[in-house]
1. Inside region A:34-121, counting only helices (runs of 4 or more DSSP H) that do not spill past its ends, which hold 2 or more residues that are among the hydroxyl-bearing types (Ser, Thr, Tyr), over 14 Å from the mean Cα position of the chain (by Cα) and more than 21 Å from A:ASN141 (Cβ to Cβ)?
2. Within region A:126-143, is there a residue that is within 23 Å of B:ALA97 (Cβ to Cβ) and not in a helix (DSSP H, G or I)?
3. If you go through region B:116-165, how many residues are out of contact with any Ser or Thr (no Cβ under 8 Å at 6 or more places or on another chain), within 14 Å of chain A (Cβ to nearest Cβ), of a type in the set (Gly, Ala, Ser) and over 13 Å from B:ILE93 (Cβ atoms)?
4. Please enumerate the residues belonging to region B:121-165 that are in contact (Cβ under 8 Å) with a residue 12 or more places away in the chain, surrounded by fewer than 17 Cβ atoms within 10 Å (Cβ to Cβ) and among the basic types (Lys, Arg).
5. Are there any pairs, at least 6 apart or on different chains, whose C-beta atoms fall under 7 Å, with the first in region B:1-27 and on the phi > 0 side of the Ramachandran plot and the second among the small types (Gly, Ala, Ser), and if so, which?
6. Restricting attention to region A:157-205, which residues are out of contact with any Pro (no Cβ under 8 Å at 6 or more places or on another chain), assigned to a loop (DSSP other than H, G, I, E, B) and touching a residue at least 12 places away in the same chain (Cβ under 8 Å)?
7. Does A:GLU121 satisfy the condition of being more than 8 Å from every other protein chain (Cβ to nearest Cβ) and among the acidic types (Asp, Glu)?
8. Tell me which residues, restricted to region A:144-156, are in contact with a helix residue (DSSP H, G or I) (Cβ under 7 Å, 6 or more places away or on another chain), within 14 Å of another protein chain (Cβ to nearest Cβ) and in a loop (DSSP other than H, G, I, E, B).
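The values are calculated or read from the model by the stated rules, or taken from the named source; none is laboratory data. Since we're looking at a predicted model, the values are computed, not measured. All Cβ positions, even for glycine, are placed from backbone atoms using ideal geometry, and neighbour counts span all protein chains on display.
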Amino acid sequence: MTFYSGRSVIISHWERDMKSEHDDLQQLNRVLDSFIISKTIPSLSKLLEEPVKYVIKKTQTLSITNLNLLISDFEEINPMYAVYVKCNGDLHMGVLWYMLEDESRSLADKLIGNSISNKSEKLIISSISELGNMLTASIINAISDSTGYKMGSSVPGFAVESLRILLEATISDFSDQSDMLIASTVEFSGIISGIRLQMLLIQDSKETKKLIA
Amino acid sequence: MNCVVEIKMGELAVVNDQTDELKTFVGSCVAMCLFDIKTRIAAMAHVMLPKKIHSKQNTMNDEAGKFADVAFTCMINKMNEMGADKKRIRAKIAGGAAIFSHESENGLFNVGTRNIAAIKQILKENGIPLISEDVGENFGRWVIFNPHSGEMTIVSNLKKTQKTI
């Protein structure tokens, strides 16, 4: 009898912890949704000169050994053009923006203009980096407006790599404090051009608690 | 059939001659391999960070490879338990790339460089010869280590290169 009683107590604690974690992730989704609507969508829409839609694909708790949860087969084999920005201050988070090469060229066309026909790689890197910088700033501003937290951002780091390597480098940046991270993936797309841009927001779970408090 | 052990991020494995390959994929992280060619006992760690600084930092069993210092101690102890002789142990390393870069600031995303330096320092302090390396640059690598031959093969899908060290 004692065994069953003890087990039911353990299960009850486990269920409560799971429910609490699930509630936190749901709340983070709602908060993130409000940040994106208030600042990021207007910013991206202005930059692309077209309406933009988005979808929060998933928010999940992630162990550092479980990167596979974030990588589709398609993303495994295709190199991505990516920008990573670290945000520090009252909150710490990392924001990775990534897209396929074709989409990065289309984005550069939009940002710089079609008049420059032979855009150098350097010009594309600069324009994509600036885009990542501005969109991350939009998230920081939304957080600041909503919570009063103050944050600064690093210079944007640029890379062309497989998503697995991009994630490894991003997650390494956070894993000195925690083995469990919260990852939110969001896809933005231009309604007219069809250009797609992915965002991955990574936080320590303690930071998430501060954000949704 | 080939027995291949794949090491995930922050993990390590110690194997004997029943294993044909130890395999991992690194960017800014470093694949640290130790091996005793006589007993063919070998270890590979997927090192993410140079040093365990806070005692509260977790190093669960499945993430023993995460910190260079913790990983090294764990690898050496397990290899010794399995019959390797520390005097014969040699090291090879690969990875530690600077994946993200910025045209005007080089020091911001340099965990790869710090990982390499930390591992070299640990090997030096413990008298383990580092006999070959493929480190730095800005791209990810598949690292495949053969415990039978002591050869490390490094493949970059993006650069379409392969080399053995």
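1. A:101-112
2. No; the residues of region A:126-143 include none that is within 23 Å of B:ALA97 (Cβ to Cβ) and not in a helix (DSSP H, G or I).
3. Of the residues in region B:116-165, 1 are out of contact with any Ser or Thr (no Cβ under 8 Å at 6 or more places or on another chain), within 14 Å of chain A (Cβ to nearest Cβ), of a type in the set (Gly, Ala, Ser) and over 13 Å from B:ILE93 (Cβ atoms).
4. Hits for region B:121-165 are B:LYS159, B:LYS163.
5. Close Cβ pairs satisfying both conditions: B:GLY10/B:GLY65.
6. Within region A:157-205, A:ASP173, A:PHE174, A:SER175, A:GLN177, A:SER178, A:ASP179, A:SER193, A:ILE195 qualify.
7. When the stated conditions are applied, A:GLU121 passes them.
8. Residue satisfying the conditions is A:PRO156 alone.
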